[in-house]
Amino acid sequence: LKLGWMARRPGAHERAHEYARQAVEVDSAAHCQIRAGCLRAVCWTDAERFAEADGALRDLVTAASALGNPGLGNACRLALARLLLWRGQPEEAASIAEPLSDDPDREIASQALALVSRARLAAADLAGALRLARTALARLPATAPGRITALGHRVMAAALIKAGDLAQARMHIDSGLDAAASARLPLHTLRLRAILVHALRTCGGDVVQG
């Protein structure tokens, strides 16, 4: 499954689906089936196949709960909240993600806080978005994967741009770009550069290539 998540990040969804299929053929344990299903559903979300992803993730949350595995259930809930945010349902996304902000797994908690920050920003609650984005970064463990670090800085930068603080936004964009480059995450790099262009257009300034 690790190979599947690695394939999904550059956008190779068909390859990610194939790795998920292979994983469940090798390991029939329920937790593996749920993890593979979550990978498929996240890929469907990426491809905007929202109906398929929604049904799958709700079933996976139920299955993880029946299994008595809260960590696995929360990973599926986080994926469901992400889907809802992408589908333009920020309030429902926030209602699912908010309880995860106290998860003992700091990576899950940080991602949940970042997602709620995005939902608050969509609802024009700038103060809430800034506070939650800062908390998300503070909850990041030192060992967090580059994708989560890059996401945290991107969310912080987006909120700062809305606040008109170009200098601080660029600092977070640079930090996110460093994390994305170290982890070899081209899609995260593109998203951060898109945020930078938006910042320059919104707040004014010149592009400085590093």
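The values are calculated or read from the model by the stated rules, or taken from the named source; none is laboratory data. These numbers come from a predicted model, not from an experiment. Using ideal geometry, Cβ is built from the backbone for each residue, glycine included, and neighbour counts are taken over all protein chains shown. Ligands, DNA and RNA are stripped out before the accessible areas are found, and what is left, the full protein with its side chains, is counted by its heavy atoms. Shrake-Rupley method; radii C 1.70, N 1.55, O 1.52, S 1.80 Å.
Between residue 125 and residue 191, the FRET efficiency from the beta-carbon distance, with R0 = 22 Å, is close to 0.50. Tell me the carbon and sulfur percent of the accessible area for the chain, rounded to whole percent, probe radius 1.4 Å. C and S atoms contribute 53 percent here. Placing a label point 7 Å from the Cα of residue 181 along the Cα-to-Cβ line, the residues of region 129-161 whose backbone N sits under 18 Å from it are 146-154. In region 73-187, Cα pairs under 8 Å separated by at least six residues give a relative contact order of 19 percent.
Calculated [222 nm] ellipticity per residue, helices only, for the chain: -25500 deg cm²/dmol; basis is -39500 (n - 2.57) per DSSP H run with n ≥ 4, divided by all residues, nearest 500. In order along region 60-72, phi translates into HN-Hα couplings of 5, 4, 4, 5, 5, 5, 5, 6, x, 10, x, x, 5 Hz, rounded to whole numbers, per the Karplus curve 6.51 cos²θ - 1.76 cosθ + 1.60 with θ = phi - 60° and x for Gly and Pro. Recomputing Rg and Dmax of the Cα atoms in Å from the coordinates shown identifies the correct label among (1) 16.7, 51; (2) 18.6, 61; (3) 17.2, 55 as (3). Projecting the Cα atoms of 182, 159, 57 onto the dipole axis of the chain, where Lys and Arg carry +1 and Asp and Glu carry -1 at the beta carbon, places 182 farthest toward the positive end.
P(r) for region 22-136: what percent of alpha-carbon pairs falls in each 5 Å bin, starting at zero? Each 5 Å bin holds this share of Cα pairs: 2, 14, 21, 22, 19, 12, 6, 2, 1, 0. The protection proxy used here, the mean number of other Cβ atoms lying within 10 Å of each residue, ranks peptides 69-78, 185-194 as follows, highest first: 69-78, 185-194. Pairwise alpha-carbon distances in region 134-210 exceed 13 Å for 61% of all pairs.
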